Amino acid sequence: MDRTPKTNPRLLRLVRELRDLSRDSGAPIWRDVAERLERSRRNWSEVNLSRLSRYAAKGEKVVVPGVLLATGEITVPLTVAAFRASGAARRKIEAAGGKSVSLLELAVQNPKGSGVRILG
């Protein structure tokens with residue numbers, strides 16, 4: 001069965017820029033995130049805040065290659081980057097003292113990907 005190509009221009013641009021950044025900086029983490037975003041949306045990660053609070057340490061940078069949802073509570077400040085995050089999830093992260101940024105923003109801030117963890 002043939003795969004339907006991605007049509008979201010924002011997603012296509014993000015994948016291309018993550019691959020370019022990975023190649024230029026020699027950081028395989030951004031290529032991995034790009035490959036996960038190229039998968040079928042059915043296979044994308046859907047991560048709840050409860051999972052973030054369980055597995056991420058205080059001050060950590062976390063990438064969610066998919067969707068961040070607001071179920072659960074978060075008490076530690078984190079920097080979280082996701083392709084899409086619900087408004088309630090962003091508010092809860094900021095209330096805990098953390099930041100919610102875009103994937104490309106985090107990749108540009110940290111091109112080597114050091115200290116970044118993929119959850120999902």
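Taken together, the values in this text are just the output of simple stated rules run on the coordinates, not laboratory data. Everything numeric here is computed off the predicted structure, so don't read it as measured data. All Cβ positions, even for glycine, are placed from backbone atoms using ideal geometry, and neighbour counts span all protein chains on display.
Within segment 72-92, the residues that satisfy the criterion of being within 26 Å of Glu35 (Cα to Cα) and of a type outside the set (Lys, Arg) are Leu78, Thr79, Val80, Ala81, Ala82, Phe83, Ala85, Ser86, Gly87, Ala89. Of the residues making up segment 46-92, those that are assigned to a loop (DSSP other than H, G, I, E, B) and touching a residue at least 24 places away in the same chain (Cβ under 8 Å) are Ala56, Glu60, Gly72, Glu73, Ile74, Leu78. Considering segment 75-95, and only residues there that are among the aliphatic types (A, V, I, L, M) and surrounded by 17 or more Cβ atoms within 10 Å (Cβ to Cβ), the residue that is farthest from Ala57 (Cα to Cα) turns out to be Ala85.
Considering segment 101-117, the residues that are surrounded by 14 or more Cβ atoms within 10 Å (Cβ to Cβ) and out of contact with any Lys or Arg (no Cβ under 8 Å at 6 or more places or on another chain) include one that is farthest from Thr79 (Cα to Cα), namely Pro111.
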